[in-house]
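Heads up, the thing below is written out as structure tokens.
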Amino acid sequence: MPNSYNKINNVKNLTSIYQLLRVEYFKFLLLKFFWGKERNRKKYFSGSKAGLENFETQTRQSEFGHLASFITIAIVSFYILLKGQIVIFFITNFINVIGNLYPIILQRNHRIQIERLKLILDKRKLSLGNHRRMK
């Protein structure tokens, strides 16, 4: 994906969608049933600055995989609708939203948090550099 896609331009809109769709409940379930194991969490974030970079890369890759799946399933579901399978169409789209759209929104929200952390770390690094020069 181009970098322009990965850049989150309107944080307020994304945050509103996150809240409107109650993605925090999806996140809670993921943490409880899958990411709750420390081994699974350490795979994506080790707690270091390099771990933060790795986590950001993982969010981008995960989001792309979910986006490709979301689009593919949406296209197939409309074909199903054209065949007159209305119930299957709605069930498929419901599963697609939960299984792909929610993770996309969650990954983008993670990147907002990552950007905030990077800004804090950069300010801290700059502040420490200035403080050392003054001594």
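Within region 44-73, can you find the residues that are among the charged types (D, E, K, R) and open to solvent by 50 Å² or more (accessible area, probe 1.4 Å)?
49, 53, 60
Would you please list the contacts, defined by Cβ atoms under 6 Å and residues six or more apart or on different chains, that run from a residue in region 23-35 that is within 9 Å of residue 106 (Cβ to Cβ) to a residue that is in a helix (DSSP H, G or I) and at pLDDT 90 or above?
From region 23-35, the pairs are 23/102; 23/105; 23/106; 26/102; 27/106.
I'd like to know if region 45-54 contains one or more residues that are polar (S, T, N, Q) and modelled with pLDDT of 95 or more.
Within region 45-54, none of the residues are polar (S, T, N, Q) and modelled with pLDDT of 95 or more.
Basic (Lys, Arg) and at pLDDT 95 or above - does that describe any residue in region 78-86?
yes
Restricting to region 74-90, and then to whatever is assigned to a helix (DSSP H, G or I) and open to solvent by 90 Å² or more (accessible area, probe 1.4 Å), can you tell me which residue is nearest to residue 22 (Cα to Cα)?
It comes out as 90.
The values are calculated or read from the model by the stated rules, or taken from the named source; none is laboratory data. Nothing here was measured: the structure is a model prediction, and the numbers come from that model. Virtual Cβ from ideal backbone geometry, glycine too; neighbours counted across all protein chains shown. Ligands, DNA and RNA are stripped out before the accessible areas are found, and what is left, the full protein with its side chains, is counted by its heavy atoms. Shrake-Rupley method; radii C 1.70, N 1.55, O 1.52, S 1.80 Å.
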